[in-house]
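The values are calculated or read from the model by the stated rules, or taken from the named source; none is laboratory data. Just so it is clear, the structure is predicted and the values come from calculations on it, not from any experiment. With ideal geometry, Cβ positions are generated from the backbone for all residues, glycine too; neighbour counts draw on all protein chains shown. We work out accessible area using only protein heavy atoms, side chains counted, and drop any ligands, DNA or RNA first. Shrake-Rupley method; radii C 1.70, N 1.55, O 1.52, S 1.80 Å.
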Amino acid sequence: MGEPLGTWTRTDTCGGLRDTDIGRQVTLLGWVHRTRDLGSLVFFDLRDREGLTQVVVREGNAALPVAKRLRSEFVVGVRGTVQPRAADMANPRMATGAIEIDAAEIRVLSEARTPPFQIADEVAAADELRLKYRYLDLRRPRLQSNLGLRHRVAMAVRRYFDARGFWEIETPVLMRSTPEGARDYLVPSRVHPGEFYALPQSPQIFKQLLMIAGTDRYFQIVKCFRDEDLRADRQPEFTQVDVEMAFARPELIFDLIEPLMEAVLGVIGRSVDRPFRRMPYAEAIARFGSDKPDLRCGMEIADLSGFFADCGFAPFREAVAAGGVVRGFVVAGGARYSRRQLDELAAQARQGGAAGLVWVRRGEGGAVQSPALKGAGEPVLARALAECGGGESDLLLLAAGKPDSTSKVLGELRLAIAREARLLAADAFAFTWVVDFPLFEWDDGEGRYVSVHHPFTSPHVEDLDRLEESPGSVRAQAYDLVLNGSEIGGGSIRIHDAQLQSRVFRRLNISDEEARRRFGFFLEALEYGTPPHGGIALGLDRIVAILAGESSIREVIAFPKTAAAVDLMAGSPSPVDERQLTDLHLRVARSD
Ligand code: ASP
């Protein structure tokens with residue numbers, strides 16, 4: 001039903017016209033955003049990805065009948081003259097708010113059904129509806145701007161690496177499984193009955209092979225696939241900025257990635273302070289209760305065990321005697337918390353697994369107040385408060401127990417307080433490197449040690465002699481990049497020696513035979529002259545989401561899946577024809 005475009009060519013976008021364009025004849029092409037029919041006069045806003053422009057059609061104008069027929073989301077062409085808006089109609093909040101188009105001709109190129117939700121208002125439509133009609137959802141200015149931002153970040157990344165001699169090299173999507181700790185998506189082979197490709201959890205092995213192949217510096221903006229149990233804000237396919245370089249040391253990787261983040265933040269006109277803080281894993285766990293510490297809100301956790309080892313407050317004294325700790329942090333201005341707020345914090349701490357939460361503050365005249373005052377005595381509590389830098393108006397929160405779990409509870413409390421007090425500004429960017437992760441962690445379910453990163457991560461050379469006797473104490477040459485409490489990247493220096501690689505596989509309870517079967521080609525490759533190498537992968541979706549101020553990566557992915565890994569628009573996954581299954585030598589086991 002639409003008219004043809006004919007020879008109409010866009011002269012300007014819907015976001016570009018200013019008062020300096022007044023008097024020009026223009027042609028705009030776009031969507032009708034909203035219309036206002038005032039009888040003898042019709043206004044409508046025309047929208048494209050660059051913005052909105054007001055069009056006006058007055059009585060006596062031959063285009064008026066067409067203008068009256070327009071509905072939201074019709075695609076139209078408008079030809080007319082740029083004119084100033086009447087003084088009382090100018091809209092300083094709109095980029096094009098000083099002008100409007102006096103339409104001479106309107107062409108309806110395509111009509112539209114009434115959309116299932118309004119594009120024009122940003123009022124949240126139900127998530128399911130948004131995903132089912134994603135192409136309509138994407139028309140909304142917020143998502144358009146997110147996609148534009150994502151593009152600009154990707155381009156900044158490419159320019160950055162290109163300028164430093166990194167080559168973008170594509171790696172296979174149909175490949176052999178690489179262990180990153182998640183489940184593989186498998187693709188059955190038609191020509192090799194009973195055999196499967198895996199979709200890459202990451203290009204880890206390939207990028208290492210590229211180093212062995214002498215390509216020296218590699219990067220790739222690449223899709224990775226992990227069939228994980230559904231966790232908050234994960235997507236089964238996601239995008240990494242994957243990087244590897246020969247002759248790498250952790251310092252070289254930091255020096256490469258910090259200016260990259262500077263370039264990326266430059267996309268939104270922000271700068272960063274460098275160098276980023278570098279924090280050993282053990283310190284992150286002790287001082288923030290997390291391996292992804294959010295540094296926007298202070299409130300670092302201090303160890304105060306020494307103050308309470310001999311005190312009269314039994315829960316603290318006994319915790320220290322049992323090899324545990326007393327730790328706490330200061331809430332600036334927290335002295336004014338009401339009893340109810342304090343009780344709520346204590347309840348939250350107990351919910352998190354703490355035996356209890358003790359608060360300390362100064363009341364009227366500076367006297368120390370605390371539920372532990374009687375047992376511990378004023379001097380000890382006053383010293384603990386002073387040790388943490390707590391002043392008259394502050395509040396010290398203390399918990400006791402095993403070291404890691406105590407910090408974890410306090411760390412959660414710290415974040416809850418920061419969220420409540422709005423200390424986690426979306427436009428503050430606090431980066432930190434977390435380094436020296438343990439190489440292995442014990443997995444109760446599997447009854448064996450597993451890699452904290454992946455099995456190709458190099459141990460610290462000084463810790464090598466503990467690999468067999470005390471694997472839990474071996475540190476990895478691994479690092480995570482954390483931004484505002486989110487892990488936005490992780491990497492390591494790799495093992496470049498086949499024998500050490502075999503030793504690590506053995507320690508992971510992967511037998512020589514299994515290692516040969518799964519990674520034989522890679523172990524063999526390591527024997528042909530392997531440069532020391534290392535790299536990192538950054539989560540592009542998360543980085544863009546943080547820059548865009550979005551809490552979910554879904555808002556920066558054009559066609560995301562639901563939390564249940566479903567594409568609601570196209571309807572996948574979906575059953576396939578029996579014929580296809582036969583071709584693939586597959587039979588579906590039905591549960592009925
Ligand atoms: N392949 C790793 C990952 O996907 C990153 C790396 O070690 O470079 O997490």
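Would you mention how many residues in region 331-340 are of a type outside the set (Phe, Trp, Tyr), more than 23 Å from residue 290 (Cβ to Cβ) and surrounded by 14 or more Cβ atoms within 10 Å (Cβ to Cβ)?
In the first step, residues of region 331-340 are kept if they are of a type outside the set (Phe, Trp, Tyr); the result is 331-336, 338-340.
Right, trim to more than 23 Å from residue 290 (Cβ to Cβ) and you get 333, 335-336, 338-340.
With surrounded by 14 or more Cβ atoms within 10 Å (Cβ to Cβ) added as a condition, the list becomes 335.
The qualifying residues number 1.
Checking residue 134 against (1) open to solvent by 50 Å² or more (accessible area, probe 1.4 Å); (2) closer than 22 Å to residue 569 by Cβ; (3) away from the ligand (no atom under 16 Å from the Cβ), which single condition isn't satisfied?
(1)
Residues of region 360-419 being crowded, with 16+ Cβ neighbours inside 10 Å, part of a helix (DSSP H, G or I) and without any contact (Cβ under 8 Å) to a residue 24 or more places away in the chain, which ones? Spell out the reasoning first.
The initial filter retains those residues of region 360-419 that are crowded, with 16+ Cβ neighbours inside 10 Å, namely 360-362, 368, 370, 372-373, 375-376, 380-382, 384-385, 387-388, 390, 394-401, 403, 405-415, 417-418.
Now restrict to residues that are part of a helix (DSSP H, G or I): 373, 375-376, 380-382, 384-385, 387, 403, 405-415, 417-418.
Passing the criteria: 373, 381, 382.
For residues that are hydroxyl-bearing (Ser, Thr, Tyr) and modelled with pLDDT under 95, scanning just region 438-469, find the one that is farthest from residue 208 (Cα to Cα).
Keep residues of region 438-469 that are hydroxyl-bearing (Ser, Thr, Tyr), which gives 449, 451, 457-458.
Narrowing the set further to residues that are modelled with pLDDT under 95 leaves 449, 451.
Working: 449: 24, 451: 18 Å.
Of everything passing the filter in region 438-469, 449 is farthest from residue 208 (Cα to Cα).
Return the residues of region 559-575 that are touching a residue at least 12 places away in the same chain (Cβ under 8 Å) and β-branched (Val, Ile, Thr); say none if nothing qualifies.
562
Can you tell which of 553, 546 is of a type in the set (Val, Ile, Thr) and within 16 Å of the ligand (Cβ to nearest atom)? Step through it out loud before you land on a result.
Numbers: 546 fails: within 16 Å of the ligand (Cβ to nearest atom).
Matching residue, one of 553, 546: 553.
Does region 135-145 contain any residue that is under 30 Å from residue 35 (Cα atoms), of a type in the set (Lys, Arg) and within 21 Å of the chain's Cα centre (by Cα)? So that I can check it myself, show each step before the final result.
So in region 135-145, the residues under 30 Å from residue 35 (Cα atoms) come out as 135-145.
Pick out the ones that are also of a type in the set (Lys, Arg) and you get 139-140, 142.
Subset that is within 21 Å of the chain's Cα centre (by Cα): 142.
Looking through region 135-145, at least one residue is under 30 Å from residue 35 (Cα atoms), of a type in the set (Lys, Arg) and within 21 Å of the chain's Cα centre (by Cα).
Tell me the residue from 492, 551, 572 that is more than 20 Å from the chain's Cα centre (by Cα), within 30 Å of residue 158 (Cβ to Cβ) and small (Gly, Ala, Ser), please. Quick ask: steps written out before the conclusion?
Values: 492 fails: more than 20 Å from the chain's Cα centre (by Cα); 551 fails: more than 20 Å from the chain's Cα centre (by Cα).
After ruling out the rest, the residue left standing is 572.
As an exercise: evaluate residue 96 against (1) hydroxyl-bearing (Ser, Thr, Tyr); (2) more than 30 Å from residue 26 (Cβ to Cβ); (3) open to solvent by less than 70 Å² (accessible area, probe 1.4 Å) and give the number of the one condition it does not meet.
(2)
Evaluate region 427-450: report whether one residue or more is within 19 Å of residue 284 (Cβ to Cβ), open to solvent by 40 Å² or more (accessible area, probe 1.4 Å) and within 16 Å of the ligand (Cβ to nearest atom).
Yes, region 427-450 has at least one match.
Scan region 1-45 for residues that are part of a strand (DSSP E or B), of a type in the set (Val, Ile, Thr) and under 17 Å from residue 82 (Cα atoms) and jot them down. Don't jump to the end; show me each part of the working.
If we filter region 1-45 for residues that are part of a strand (DSSP E or B), which is where we start, we get 25-37, 41-45.
Filter again for of a type in the set (Val, Ile, Thr), leaving 26-27, 32, 35, 42.
Result: 26, 27, 42.
Within region 343-354, which residues are touching a residue at least 24 places away in the same chain (Cβ under 8 Å) and either part of a helix (DSSP H, G or I) or surrounded by 15 or more Cβ atoms within 10 Å (Cβ to Cβ) (or both)? Can you show your working first?
Of all residues in region 343-354, those touching a residue at least 24 places away in the same chain (Cβ under 8 Å) come to 345, 348-349, 352-354.
Scanning region 343-354 gives 345, 348, 349, 352, 354.
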